[in-house]
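Heads up: the structure comes next, in C-alpha cells.
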Amino acid sequence: MTPPAGSFETGWPSALLDEIAAAGTVAVLTGAGVSAASGIPTFREAQTGLWTRFRPEDLATPEAFAANPARVWQWYQWRRSLIARAEPNGAHRAVARLQRHLIDCRVITQNVDGLHERAGARVSALHGNIWRQRCQRRCGFSETATEPDDRPEPPPCPACAAPMRPDVVWFGESLPADVLKAAVTAVEHAEVVLVAGTSGLVYPAAALPEQALARGRTVVEINPDDTPLSAVATVRCRNAADAALPALCEALALPD
Ligand code: NAD
Ligand code: ZN
C-alpha cells in the first residue's frame, strides 16, 4: 500500500494507519526530543547554570574524560539528578503501548535516560544507560545506580582500581556490536519505521532510517523541526512526539 506523500501535523493519514495495522511490524527509533517533554534537555538546547560554559559534545568524549575526569563525572551526575526528577511522558507511554499491541514493534533509542524502560518498553539502547557505570579498563566490572553518585571524582573500580566511568557511548566511540546488530535487524524486519525526536546527526544511528529507505520501507519522521532526514523521509509528522505518538495509538484504536 502506498502511503500518502508529504507532511501532516495532526490527524494521522488513513493510508498510513492502514499500512501499520496491516503489517503490524514497526520499528521505532527515538532520540533526545522524545524526552524533552519530561524536562530533560536535548543536546542542542541551551543548558543551565554551571554548565553553560561547556558544550555537551565537549563533555561526552573520551578525550574530555582523559583531560578532566572529575568534570565529566560530575556532569553525568548532574544529568542523573535531572533524570531522577523526571517522569516518562506520553511519547514513552505510547511507544510501550505500540510494543504491547502490535505484532512486532522493536524500539531502538539513542537516549541514555532509561525513561522508555520506566514506561514499560523493551529497548535496544544504542548509546548505553546513564544509570550504569563501568570500569574504564573494561575488566568486566559494571554496576547500576539508582541515584546520582556524589563523589567528586570517578571512584576506583572495586575489581581492578582503574577509574569507573559512565556506561554510555561517547562521541568517537563504537556502539556495542550486539545492540547495533539488534537495531539493524529491527529496521530490516519492519514495514514501517517511526523516527521520533532525533536530529539525525549522530552516526551510526542516523544510518538506520537510510537503510530502511534503501529497502523501500516507509519511514515516518516525527519532529517539529527540519532535520537531514526531512528531505528524504516518506512522510513527515510536524508535531511533538508526546502529542503525535499518543494520537497514533488512539487512531489505531490500541488498548491501553
Ligand atoms: P539532539 O539533541 O541532537 O536532537 C533532538 C531532536 O529532537 C531535534 O531534532 C529537535 O527538533 C527534536 N525535538 C525536540 N523536542 C521534540 C519533541 N517534543 N518531539 C519530537 N522531537 C523533538 O538529539 P539526538 O538526535 O538524540 O542526538 C544527540 C545525542 O545526545 C544522542 O547520542 C543521545 O544519546 C544524547 N542525548 C541523550 C539524552 C537523553 O537520554 N534524554 C539527552 C540529550 C542527549
Ligand atoms: Zn576494573
request  = Using the 4.7 Å Cβ rule, please list in number order the cysteines from the chain without any candidate partner.
outcome  = Cys105, Cys237, Cys249
note = In degrees rounded to 10, the 0-90 angle between helix 177-189 Cα long axis and the longest Cα principal axis of the chain is 10
Folded to 0 to 90 degrees: helix 69-85 orientation relative to the chain principal axis, Cα = 50
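Work out the length of the dipole vector of the range 74-180 about its Cα centre, built from +1 on the beta-carbon of each Lys and Arg and -1 on the beta-carbon of each Asp and Glu, and round it to the nearest 20 debye.
Value, rounded to 20: 220 debye.
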note = The summed charge of the Trp51 Cβ neighbourhood (under 15 Å; Lys/Arg +1, Asp/Glu -1) stands at +3
Where Thr48, Thr234, Thr198 fall by accessible area, highest first, once all protein chains stay in place (1.4 Å) = Thr48, Thr234, Thr198
key: Relative contact order for the chain, counting Cα pairs under 8 Å that sit 6 or more residues apart, in percent   = 26
message = Using 0.36 nm times the number of residues separating Arg215 and Ala84, minus their current alpha carbon distance, what extension gain do you get?
response = 43.2 nm
key: Gain upon complete extension [Tyr203, Ala66; 0.36 nm per residue less C-alpha separation]   = 47.0 nm
query = What ranking of His189, His127, His116 comes out by heavy-atom accessible area, probe 1.4 Å, highest first?
reply = His189, His127, His116
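Could you grab the relative contact order for the range 135-236? Cα pairs under 8 Å, six or more apart, rounded to a whole percent. Don't skip to the end; give the middle numbers.
Numbers: 98 pairs, mean separation 19.3, N = 102.
Averaging sequence separation for qualifying contacts and normalising by length gives 19 percent for the range 135-236.
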query = What percentage of the solvent-accessible surface of the chain, computed with a 1.4 Å probe over protein heavy atoms, is contributed by carbon and sulfur atoms?
reply = 51
Leading residue at positive end of dipole, the range 137-244 (Cβ point charges), from Ala243, Tyr203, Val168 = Tyr203
inquiry  = Please give the charge dipole size of the range 134-256, origin at the Cα centre, charges +1 on K and R Cβ atoms and -1 on D and E Cβ atoms. Round to the nearest 20 debye.
reply    = 480
ask   = Asp150 label point, 7 Å along Cα→Cβ, cut-off 16 Å on backbone N: hits in the range 80-110?
value = 80-82
message = Around Val187, under 9 Å between beta carbons, what's the net of Lys plus Arg minus Asp minus Glu among the other residues?
response = +2
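Could you sort Leu180, Leu248, Leu17 by accessible area so the largest value comes first, with the probe set to 1.4 Å? Please list the in-between numbers first.
Details: Leu180 50, Leu248 0, Leu17 25 Å².
Solvent-accessible surface, decreasing: Leu180, Leu17, Leu248.
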query = With axes computed from alpha carbons, what is the tilt in degrees of helix 14-23 against the longest principal axis of the chain, rounded to the nearest 10 within 0 to 90?
reply = 70
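The values are calculated or read from the model by the stated rules, or taken from the named source; none is laboratory data. Note that the coordinates shown come from a computational prediction; the quantities given were computed from them, not determined experimentally. FYI the Cβ positions are ideal-geometry reconstructions off the backbone, even for glycines, and counts take in every protein chain you see. With ligands, DNA and RNA removed, areas are computed over all heavy atoms of the protein, side chains included. Shrake-Rupley method; radii C 1.70, N 1.55, O 1.52, S 1.80 Å.
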